[in-house]
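For reference, the structure is listed below as structure tokens.
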Amino acid sequence: MVYNVHERVIAGSVEEVWAKLADVGRIYPASSGTFELPEGLFEGAPVRHDRARYRVAVVEPGRKLWFDLGKTISGGHGFELFPVEGGTLVRHHLKGRLSGVFALLWPLIIRRHHDKALEGLLDNLEREVAHADAG
């Protein structure tokens, strides 16, 4: 079982943060690979994340964006937004049982890559929201 959490308070409203997060492929750090929603953001939409292929499971604007990773990670991963003093708390969870090669590589390689990618994504999200406020 794995439970990995990254969170940050972004200085912006839930609506402002969601507007940028909804274009997750654009704010995903290029140095960490690719993250694409080739058909757009909707429940059931296909996701291309490097070599992995999976689906968008939940889209609740301003609240939750969740991805179903199938058998790779039983619980999936995604974002939740919470209004807090000073802005919006953005929390990313990756949780569930790991299977196959992913279970072997998670502690050795994938976790460090995942952590770096998520922190880069949150950095980009923070910049994008601040840039939108300045514009």
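Shape annotation for segment 36-100: C-alpha extents along the principal axes are 41, 28, 18 Å, from largest to smallest.
Taking 20 °C and 1.002 mPa s as conditions, segment 11-53 diffuses translationally at an estimated 189 µm²/s according to Stokes-Einstein applied to its Kirkwood radius (Cα pairs). Among Leu125, Thr34, Gly70, which residue has its Cα furthest toward the positive end of the charge dipole of the chain, with +1 on Lys/Arg Cβ and -1 on Asp/Glu Cβ? Looking along the dipole axis, the top candidate is Gly70.
Taking the accessible area of the chain, probe 1.4 Å, and keeping the other protein chains in place, the carbon and sulfur fraction comes to 54%. If R0 equals 41 Å, the separation of the Cβ atoms of Leu104 and Phe82 corresponds to a calculated FRET efficiency of about 0.75. The distance linking segment 1-15 with segment 34-54 is 20 Å (Cα centroid to Cα centroid, whole angstrom). Residues of segment 6-28 falling in the label zone of Ala52, defined by backbone nitrogen less than 17 Å from a point 7 Å along Cα to beta-carbon, are 6-7, 24-28. Shown here for segment 74-130: trypsin sites (Lys or Arg not before Pro) in loop regions (DSSP other than H, G, I, E, B) with at most 16 other Cβ atoms within 10 Å, namely Arg97. Compared with the dominant principal axis of the Cα atoms in the chain, helix 111-134 is inclined by about 20°.
Annotation for Glu39 and Ser13: the two label points, set 7 Å from Cα along the Cα-Cβ direction, are 3.2 nm apart.
The charge dipole of segment 22-135, taken about its Cα centre with unit charges on the Cβ of Lys, Arg, Asp and Glu (plus for the first two, minus for the last two), comes to roughly 640 debye. Spread over its residues, the convex hull of the C-alpha atoms of segment 92-135 is 64 Å³ per residue. Taking all protein chains together and a 1.4 Å probe, the residues Ile109, Ile10 rank Ile109, Ile10 from largest to smallest accessible area.
Rg and Dmax of the chain, both derived from C-alpha coordinates alone, stand at 14.5, 47 Å.
Here the sum of -39500 (n - 2.57) over DSSP H runs of 4 or more residues, divided by the residues of the chain, equals -9500 deg cm²/dmol at 222 nm, to the nearest 500. Shown for the chain: lysine pairs separated by 8 or more places, or found on different chains, whose C-alpha atoms are under 21 Å apart, numbering 5.
The values are calculated or read from the model by the stated rules, or taken from the named source; none is laboratory data. Predicted, not measured: the structure shown is a model, and the values here were computed from it. Backbone-built Cβ (ideal geometry, glycine too); neighbour counts: all protein chains shown. Note: areas computed on protein heavy atoms with side chains; ligands, DNA, RNA excluded. Shrake-Rupley method; radii C 1.70, N 1.55, O 1.52, S 1.80 Å.
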